[in-house]
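Rule-based calculations on the coordinates, nothing more; no lab input. Because the structure is predicted, anything quoted here is derived from the model rather than measured. As a convention, Cβ positions derive from the backbone with ideal geometry for all residues, glycine included, and neighbour counts pool all protein chains shown.
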Amino acid sequence: MKRKNIFFVGLMLLSVTALGQTFTLSGEVTDLRTEEQLKHATVKNLKSGLSVLTDHAGGFKLAATEGDSLFVSAIGYAADTLVVAAAQKFVLIQLKPVTKSLGEVVISGTLKEIKKSNSPIAVETYSPKFFKKNVTASVFEALSIVNGVQPQLNCNVCNTGDIHINGMEGPYTMVLIDGMPVVSNLATVYGFSGIPASLIKRVEIVKGPSSTLYGSEAVAGLINIITKDPGSASQLNVDINYTSYDELNADVSAKFKAGKAHSLLGVNVFHFDKRYDINNDNFTDVTLQKRISLFNKWSFDRKNKLPFQVAVRLLTEDRWGGELQWNKTWRGSDSIYGESIYTKRLELIGNYGIKAGKEQVLLEYSYNLHDQNSYYGVTPYNARQHAGFAQLRWNKDVAKHSLSAGLPYRFTWYDDNTIATMKPDGTTNHPSVQQMKGLFVQDEWKFHPNWTLLAGIRYELTNMQGSIFSPRVAMKFSSNNNQVFRFSAGNGFRIVNLFTEDHAALSGAREVIIAESLNPERSWNGNVNYTGTFTPSFGYVTIDATLFYTYFTNKIIPDYDTDPQKIIYKNIDGYAVSKGFTLNTDISFKKHFKVLAGITLMDVFTKEPNAQAVIEKQQQLFAPRFSGNYAITYSVPKWKFTLDLTGKIFGPQRLPIVPNDFRPEYSPWFTLANLQLTQRIGKQVELYLGVKNLLNFIPQNPILRPEDPFDKRVNDPLNNPNGYTFDPSYNYAPVMGRRVMVGMRFNLD
């Protein structure tokens, strides 16, 4: 018995020794809400007293034994304590942001850096982490999972596209890069697809008129794409992916230092050269594209600490769509139909801080050259645009007032081979030159600890439309940063350049009719926004809800209905309205589960008298009454993989049909879903595998009369009794089936 007792005692001592054995525990500390890794967080073993700081990727290694307590803390976050479990080798620690200090820095709402929670203007922000849930080749595609934002393909042949906000057409959306209006007019058609998602530091979206600060085009809202800073970017970043459609996208960027200057150099290559025809209409389902984009951004250290940055981007693209047997020998011919577009583009963006006595002024500037050489069937469209922008901006805090003022100047030179740049004689070329000189002032007044009032006005003097005033006012109430109410109202305006914005005027066989001299479009908008943040025991919750109403006068809507062979442009005699409700929710669970979801309910319509002077209501094209987005993330830290399900739901939307059209006037309900698995290998490498269009949704009947694209047999009562003409404008979703994507990222800090 004694031997047995000694044996059992020995086993117990051995097991205790094993249980108390020290091992190296590795882990990662992240923001529970945004999933971003937290560097310089402190992880302390309360038993041993040892502590470490997390590295640039939020990672750490620390000696521990089973039962040890780890105390984790970071500035701006609620500390957390956890107990090391048996045989635990890796742990993911998610810290809750402290709501009183919550808020990413945003600039788009007020033209100055301010915490999102303190901004009187509601600004939505999206980080690269969000867009990595659904890897895409361009910003245009990446925005497809944002609530209330709808990248819209407007032609089934050349895949022209623009971005709708709250149901309003693309020309009403201003797109900025680093706060500069370089994606506008001619560039809005194909310029989006050339912006690589790998350059994004964050994207800021303001819904509602912003013309007071940004001028023409910012009627529906604005999208500000903020690129990475050379000083804080990764040393080397590589992202390459390939799909079962034979699409290849490669992004490579690297930073280096030259004296007191930091530089970020990036290249993006996209290649898609395989012809698909799922719907058997003898037309390519998707345009074939070969695109190269070079980007170089410099940031200079100055003794006075004032900013000095400059960035250059070069883009060249060759795209075409059309009949499957088309090749470049048929470019511009009337035998085999094709739409071929060669694009060359140069962008320059920069800022420079100026010391003026005791004051500081920021000079911001941009320039872009856009050259397009294209054929839409037999119709040539050759256009060139020079667009320059410069602005002196001043900000100053005085007591409870935060003042801003600016002197903007904008110049656009545009020439093409259409009637848009002809003199009245119809034969003499006359390039369009638009100049704008302006002034804006704004005051943000915190007159009470809980209340902030913002008021501003903009005056522009243009050589084509004369004087234009644009005011706005906003109010923010918050007893604490957990609950914020915002009320805003403002005016928006837009000076129209049809041929640079609406390529339906070129694609197909419709004749363009400009029925009258077009006046600037004007809008008045009001919205109410509520943002609430909550920290229940299970995680973190954010709710963002907005009621919006926009009233348009002088709106210009292309008329496809009066004559199936024409597109008629004129200011409407009545008015137009865009109204609705949006809701965004962000729920993060501590059990490695995250849900982002949103819905948009809207009614977008026009009211104007018909030929019998009866007021008629007409629903806006491509504006679904219901749309929603979802992004569901589940991660398993032990295996270092993440599963993302993302997508968009669309309700019926009105489509451009012709008289006696056999195609339905409204699209069906549908969803475009994507599934993606990401596997981390070490700290530098990520592999991802995804399925695009998971449910294999393919729209029906996109092109009318694809068998006669040159309308040579229109007047055939036997085979074409309804007199249909070739028309590719009927579109509500990409004609791309289910496809698999595989990719790899390498990141070296």
_Check: region 296-444 dipole with +1 on Lys, Arg Cβ and -1 on Asp, Glu Cβ, in debye_ = 840 debye
*Provide the FRET efficiency to the nearest 0.05 for the residue 421-residue 547 pair, computing r from the beta carbons and using R0 = 41 Å.*
0.45
*About the Cα centre of region 22-97, what is the dipole size in debye to 20, counting +1 per Lys and Arg Cβ and -1 per Asp and Glu Cβ, all else neutral?*
140 debye
*Counting only residues 5 or more places away or on other chains, whose amide H sits under 5 Å from the amide H of residue 155 once H atoms are built in the peptide plane?*
160
_Using Stokes-Einstein with the Kirkwood hydrodynamic radius over Cα pairs, what translational diffusion coefficient do you get for region 105-225 at 37 °C and a viscosity of 0.692 mPa s, in µm²/s rounded to a whole number?_
228 µm²/s
_Could you compute the net charge surrounding residue 266? Neighbours are other residues with a C-beta less than 10 Å from the C-beta of residue 266; K and R count +1, D and E count -1._
+3
*Tell me the label-point distance for the pair residue 346, residue 597, using the 7 Å Cα-to-Cβ offset, in nm and rounded to one decimal.*
5.1 nm
*Efficiency by 1/(1 + (r/R0)^6): what FRET value for residue 411 and residue 236, r their Cβ-Cβ distance, R0 = 30 Å, to the nearest 0.05?*
0.20
*Relative contact order for region 105-225 using alpha-carbon pairs under 8 Å, separation at least 6, rounded to a whole percent?*
28 percent
_Filtered trypsin sites (Lys or Arg not before Pro), region 530-637: DSSP coil and at most 13 other beta carbons within 10 Å_ = 591
*Would you work out which of 528, 362, 448 lies farthest towards the positive end of the dipole of region 226-748? Charges go on Cβ: Lys and Arg +1, Asp and Glu -1.*
448
_Nonlocal amide H pairs with residue 208, under 5 Å, H built at 1.01 Å_ = 221, 222
*Modelled label-to-label distance, residue 480 and residue 301, 7 Å Cα→beta-carbon offset: nm?*
4.2 nm
_From the phi angles alone, apply the Karplus equation (6.51, -1.76, 1.60; θ = phi - 60°) to region 317-327 and give each ³J(HN,Hα) in whole Hz, x where the residue is Gly or Pro._
9, 10, 10, 7, x, x, 5, 4, 8, 5, 9
_Tell me the relative contact order for region 226-748 as a rounded percent, counting alpha carbon contacts under 8 Å between residues six or more apart._
9 percent
*Please give the net charge around residue 364, taking every other residue with its beta carbon less than 13 angstrom from that of residue 364, where Lys and Arg add +1 and Asp and Glu add -1.*
+2
*Under 12 Å from the Cα of residue 129, which aspartates and glutamates turn up, not counting those fewer than eight places away in the same chain?*
31, 35, 36, 644
*residue 355: which lysines have alpha carbons under 19 Å from its alpha carbon, excluding same-chain residues fewer than 8 sequence positions away?*
112, 303, 305, 396
*What is the count of Lys pairs in region 22-97 whose alpha carbons sit under 20 Å apart, if the two are 8 or more places apart or on different chains?*
8
*Any idea what angle helix 2-19 forms with the longest principal axis of the chain, computed on alpha-carbon atoms, 0 to 90 degrees, nearest 10?*
40 degrees
*Quote the Stokes-Einstein diffusion coefficient, in whole µm² s⁻¹, for region 22-97, based on the Kirkwood radius over alpha carbon pairs, a temperature of 25 °C and a viscosity of 0.890 mPa s.*
203 µm²/s
*State the extension gain, in nm to one decimal, for the chain segment bounded by residue 273 and residue 401, taking 0.36 nm per residue of separation less the distance between their alpha-carbons.*
40.4 nm
_Residue-averaged 222 nm ellipticity for the chain, from DSSP H runs of 4+ at -39500 (n - 2.57), nearest 500_ = -1000 deg cm²/dmol
*Residues with beta-carbon under 13 Å from that of residue 640, excluding residue 640: net charge, scoring Lys, Arg +1 and Asp, Glu -1?*
+2
*Taking 0.36 nm per intervening residue step and subtracting the Cα-Cα distance, what contour gain separates residue 257 from residue 282 on full extension?*
3.8 nm
*For the chain, Kirkwood radius (reciprocal of mean inverse C-alpha pair distance, Å)*: 28.0 Å
_Assigned charges on the beta-carbon of Lys, Arg, Asp, Glu; the chain dipole about Cα centre (debye)_ = 3740 debye
*Counting only Cα, what are the radius of gyration and maximum Cα-Cα distance Dmax of region 28-185, in Å?*
21.4, 67
*Can you run phi through the Karplus equation (6.51, -1.76, 1.60; θ = phi - 60°) for region 140-153 and list ³J(HN,Hα) in whole Hz, with x for Gly and Pro?*
3, 6, 4, 6, 5, 9, 8, 5, x, 10, 10, x, 10, 7
*Simple spin-label model, 7 Å along Cα-to-Cβ: residue 40 to residue 441 in nm?*
4.0 nm
